[in-house]
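Undergrad: Please see the structure below; I have some questions.
What follows is calculated from the coordinates using simple rules that are stated; it is not laboratory data. Since the structure is predicted, the reported quantities are computational estimates derived from the model, not experimental observations. Positions of Cβ are backbone-derived with ideal geometry, glycine not excepted, and every protein chain shown enters the neighbour counts.
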Amino acid sequence: MKKIAVIGCGAAGMMAALAAAQSSGSVTIFEKNEKPGKKIYITGKGRCNVTNACEVEDYFSYVKRNPRFLYSAVYDYDNKAVMEFFENNGCKLKVERGDRVFPVSDHSSDIIRTLYNAVIKAGVEVLFDTTVLSVESSNGKVSAITYSQKDDPIIRQEFDSVIVCTGGLSYPSTGSTGDGYRFAKDMGHSIKEPLPSLVPFEIKEGWCRDLQGLSLKNVGLKLFLADKNNKTSDSQDSPKKAKKPKAVYDGFGEMLFTHFGISGPLVLTASCHYEKDKLGKVYIDLKPALSEEQLDKRVLRDFEEGLNKQFKNVLGGLFPSKLIPVMVKLSGIDPEKPVNEITRQERLDFVRLIKNLPMEITGTRSFNEAIITRGGVNVKEINPSTMESKLVQGLFFAGEVIDVDTETGGFNLQVAWSTGHLAGVSAAAE
Ligand SMILES: Cc1cc2nc3c(=O)[nH]c(=O)nc-3n(C[C@H](O)[C@H](O)[C@H](O)COP(=O)(O)OP(=O)(O)OC[C@H]3O[C@@H](n4cnc5c(N)ncnc54)[C@H](O)[C@@H]3O)c2cc1C
């Protein structure tokens, strides 16, 4: 029987340990926290969006980096297999909008309990409050790990295989503090720079902060990136440019203004496409259901109904009240101007502003607020058919520690389930 160490008792670690034990490996999980699945607990706002019920072929379009690397893992253990596992082990699931799958109870703790019970039932030993300090290899083969438990002396233990499931750097309070990158680097692996992803944007414009707390449903968001030294070339601000810029993200949904900028599901998804070395601009379409022409007619109608009113007093039907002073200011139109004195050009510019409310991104929030980490162990150095390192025999990786990341919707946990399962089965194989 192969002796297998799994580092991390999160989603990937538990799935890897279960798969390895069921494939007759002798498995020990090492977890620095006092309990399993601390991050799973906070997923999906405490409800755990455990996977996505999309067609498996469609899954890869939600993977932002290195989707091809995941083919074997996902086809080997796909979303249907994950749903079957939880259902068969007593955790009933339901499918919500966007094919997002949740436990019927709406409690992430049920996902953790189901998985952890299966791990224990399969005979896996789990050591909590145990921090792995290093992974050793000799002659190109993994040999041992060292670990410490609280203030006890460091222990060294030999293993045939080690599966690194330490997660990324996001929400470090859950235990994911990037240790796996160090283990990988120490054994010669390269790490794609870890960056926060599915993360709010910090915004330059001060008016954004005036809107703090305002949530907008059903708005459009386009993200444009340009070279920093070529500030205007990719910007919508330059209507005379020869080439029409292409948005790197064009989505629809809900967003929120905060004390630093913008957040909410739409913004988090857009952040997958952001590049910190580029100049990023977002344009919010406040009325995505209407074309500019239709919106102009609508604005004209509002203006005609309030002909003798001041500009600032005819916008109640268009925007939430908190947004009105900001839109008035950005329009450049005198707020006290009677509506019947507003020129056609002023009105058309205002309509354009409503369809393209511009904001400049100064950066993202930190890992403390990032749902996931983009970057990680270079996929070129991992065999996609087994999750084994191509550099060190018996060393496996699974979950967020690998350089793959996806949009929201249950796709990231599916990465953990699929790569964890494949790594576990492979590690236990002769
Ligand atoms: C707020 C939030 C909400 C999210 N919601 C969703 C969602 O609804 N759906 C979805 O698909 N994804 C969601 N995600 C992303 C998803 O949770 C992660 O992608 C996934 O949990 C990664 O699993 P993992 O096992 O690779 O890493 P982790 O879950 O981070 O587990 C790593 C484990 O390794 C342990 N560890 C690390 N270093 C050591 C060491 N040296 N020794 C011992 N143990 C160690 C850690 O303590 C931790 O328990 C969310 C993330 C966050 C932060």
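Undergrad: Confirm whether MET1 is buried (at least 18 other Cβ atoms within 10 Å of the Cβ) and more than 23 Å from PRO196 (Cβ to Cβ).
TA: The answer is no for MET1.
Undergrad: Can you name the number of the only condition in (1) surrounded by fewer than 20 Cβ atoms within 10 Å (Cβ to Cβ); (2) of a type in the set (Phe, Trp, Tyr); (3) in contact with a helix residue (DSSP H, G or I) (Cβ under 9 Å, 6 or more places away or on another chain) that PHE128 fails?
TA: With respect to (1) surrounded by fewer than 20 Cβ atoms within 10 Å (Cβ to Cβ); (2) of a type in the set (Phe, Trp, Tyr); (3) in contact with a helix residue (DSSP H, G or I) (Cβ under 9 Å, 6 or more places away or on another chain), PHE128 is out only on (3).
Undergrad: Looking at this structure, is LYS64 among the charged types (D, E, K, R) and either within 12 Å of the ligand (Cβ to nearest atom) or assigned to a loop (DSSP other than H, G, I, E, B) (or both)? I'd like the intermediate steps shown before the answer.
TA: Values: among the charged types (D, E, K, R): yes; either within 12 Å of the ligand (Cβ to nearest atom) or assigned to a loop (DSSP other than H, G, I, E, B) (or both): no.
The answer is no for LYS64.
Undergrad: Within segment 33-51, track down each residue that is within 7 Å of the ligand (Cβ to nearest atom) and in a helix (DSSP H, G or I).
TA: LYS38, LYS39, ILE40, ILE42, THR43, GLY44
Undergrad: For ALA270, state whether it is surrounded by fewer than 19 Cβ atoms within 10 Å (Cβ to Cβ) and among the aliphatic types (A, V, I, L, M).
TA: Numbers: surrounded by fewer than 19 Cβ atoms within 10 Å (Cβ to Cβ): no; among the aliphatic types (A, V, I, L, M): yes.
No.
Undergrad: Moving on to the next point. In segment 120-143, which residues are more than 13 Å from the ligand (Cβ to nearest atom) and at negative phi? Talk me through it step by step, then tell me what you get.
TA: The initial filter retains those residues of segment 120-143 that are more than 13 Å from the ligand (Cβ to nearest atom), namely 120-125, 136-143.
Within segment 120-143, ILE120, LYS121, ALA122, VAL124, GLU125, GLU136, SER137, SER138, LYS141, VAL142, SER143 meet the criteria.
Undergrad: Quick check on my filter: what residues within segment 315-356 are outside any helix (DSSP H, G or I), within 19 Å of LEU286 (Cα to Cα) and hydrophobic (A, V, I, L, M, F, W, C)? Walk me through how you get there before you give the answer.
TA: Keep residues of segment 315-356 that are outside any helix (DSSP H, G or I), which gives 315-320, 332-338, 342-343, 356.
From the residues that got through so far, the ones that are within 19 Å of LEU286 (Cα to Cα) too are 315-320, 332-333, 356.
Result: LEU315, LEU318, PHE319, ILE333.
Undergrad: Follow-up. State all residues of segment 380-420 that are among the hydrophobic types (A, V, I, L, M, F, W, C), in a helix (DSSP H, G or I) and under 15 Å from CYS165 (Cα atoms); if no residue qualifies, say none. So that I can check it myself, show each step before the final result.
TA: At the first step, the residues of segment 380-420 found to be among the hydrophobic types (A, V, I, L, M, F, W, C) are 382, 387, 391-392, 395-398, 401-402, 404, 411, 413, 415-417.
Filter once more, keeping what is in a helix (DSSP H, G or I): 401, 411, 413, 415-417.
Selection gives VAL401, LEU413, VAL415, ALA416, TRP417.
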